[in-house]
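Colleague: Pasting a structure below so you can have a look.
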Protein chains: 2
Amino acid sequence: MNHEKTIVDLVVNQFEGKVQQTSAVFTTLGAEAAQLPVAPDRNTVGYLLGHLVAVHDKLLEGLSLGERLHPEWDSLFLAPQQNGSTYPAYQELLGAWQQVNAELGAGFATLTVADWLTKHAYVSDEDFAREPHRNKLNLLLSRTGHLFHHGGQLVLVKR
Amino acid sequence: MNHEKTIVDLVVNQFEGKVQQTSAVFTTLGAEAAQLPVAPDRNTVGYLLGHLVAVHDKLLEGLSLGERLHPEWDSLFLAPQQNGSTYPAYQELLGAWQQVNAELGAGFATLTVADWLTKHAYVSDEDFAREPHRNKLNLLLSRTGHLFHHGGQLVLVKR
């Protein structure tokens, strides 16, 4: 029996479960927490929400699942947080977070195991030939780790 | 072609890569950071090191890879950090962290794909029959997420 689909599902389900749990965290924190830093002089909740939107939006591109929804936010949220930047409203970011992740979920459903093992968009054909582990599934694993990383910070917020 | 071994390796390599990176973080922070909290009134670096030792030590048991090395620390490090607790010395914890992870790595090398898909030690036969995703590989994914979670906190430490 071939278990590869079972194993891919474990990885995809971990990502989706963590997205769901993170959505609940951002919803519970709410717009009134947008300006609160996770620790003194560190990133704010609003910045981290925008950062995660941008990184997951870029994942649509990385996995070749379709057009990005908010590339216009990259300069705000893929760069470090800057004092004095004006960010989109928290509720707008939260809506985008849900929309981007819904697009990802719809895309995942179209991928076969063989698709998951093809190269992601940020590695060249030459590099992928030498390093075949740099596939779409590995990119998803990496983004799951990224989400847990920031999730660990969000639990520190003091209201 | 059957890719299940390739996919299991991605998951195992992510865990091992993050262990390695976390070892470097704890080594760089050093014993002088043991009492520093990741944020005001939050867990200290020393507690988090002990906590990760305890959780990874328990993973030896969860994956049925052999005897645990430091069950005597569970009461300190699987419980929340308590003011006034006396912890083992940082260097002792760091040595244990390296030893426990080396044991895990040696154990991983003995597991086949079929082994990874068997139940872990914390789920009953009955529950596993109903929920076959509660296997060893899923436990490893969960512990990888846990490690990223605390890794996100360790970057916030101010020296």
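Colleague: Count, please, the residues in region A:119-159 that happen to be part of a loop (DSSP other than H, G, I, E, B), away from every other protein chain (no Cβ under 11 Å) and more than 20 Å from the chain's Cα centre (by Cα).
Modeller: Residues that pass the stated criteria total 3.
Colleague: Let me ask something additional. I'm trying to understand the selection: among the residues of region B:1-31, which are free of Cβ contacts under 8 Å to residues at least 60 places away in the same chain and out of contact with any helix residue (DSSP H, G or I) (no Cβ under 6 Å at 6 or more places or on another chain)?
Modeller: Correct list: B:M1, B:N2, B:T6, B:D9, B:N13, B:G17, B:Q20, B:A24, B:T28.
Colleague: Please count how many residues of region A:82-116 are assigned to a helix (DSSP H, G or I), closer than 30 Å to B:I7 by Cβ and of a type in the set (G, A, S).
Modeller: Matching residues across region A:82-116 total 5.
Colleague: Sort out which residues of region B:93-130 are small (G, A, S) and closer than 24 Å to B:A31 by Cα, and write them in order of number.
Modeller: B:G95, B:A96, B:A102
Colleague: Sticking with this one: Please verify whether B:A79 is of a type in the set (A, V, I, L, M), free of Cβ contacts under 8 Å to residues at least 24 places away in the same chain and either assigned to a helix (DSSP H, G or I) or out of contact with any Ser or Thr (no Cβ under 7 Å at 6 or more places or on another chain) (or both), treating the condition exactly as stated.
Modeller: Yes; evaluated as a whole, the condition is true for this residue.
Colleague: Which of the residues spanning region B:34-57 are part of a helix (DSSP H, G or I) and buried (at least 20 other Cβ atoms within 10 Å of the Cβ)?
Modeller: Matches in region B:34-57: B:V45, B:G46, B:Y47, B:L48, B:L49, B:G50, B:H51, B:L52, B:V53, B:A54, B:H56, B:D57.
Colleague: Answer with yes or no whether A:T27 is among the polar types (S, T, N, Q), over 30 Å from B:R42 (Cβ atoms) and modelled with pLDDT of 95 or more.
Modeller: For A:T27, the condition - among the polar types (S, T, N, Q), over 30 Å from B:R42 (Cβ atoms) and modelled with pLDDT of 95 or more - is not met.
Colleague: May I ask you to verify whether B:G107 is modelled with pLDDT of 95 or more, out of contact with any Lys or Arg (no Cβ under 9 Å at 6 or more places or on another chain), facing chain A (nearest Cβ under 10 Å) and closer than 23 Å to A:V11 by Cα?
Modeller: no
The values are calculated or read from the model by the stated rules, or taken from the named source; none is laboratory data. Nothing here was measured: the structure is a model prediction, and the numbers come from that model. Note that each Cβ is placed from the backbone with ideal geometry, even for glycine, and that neighbours are counted across all protein chains shown.
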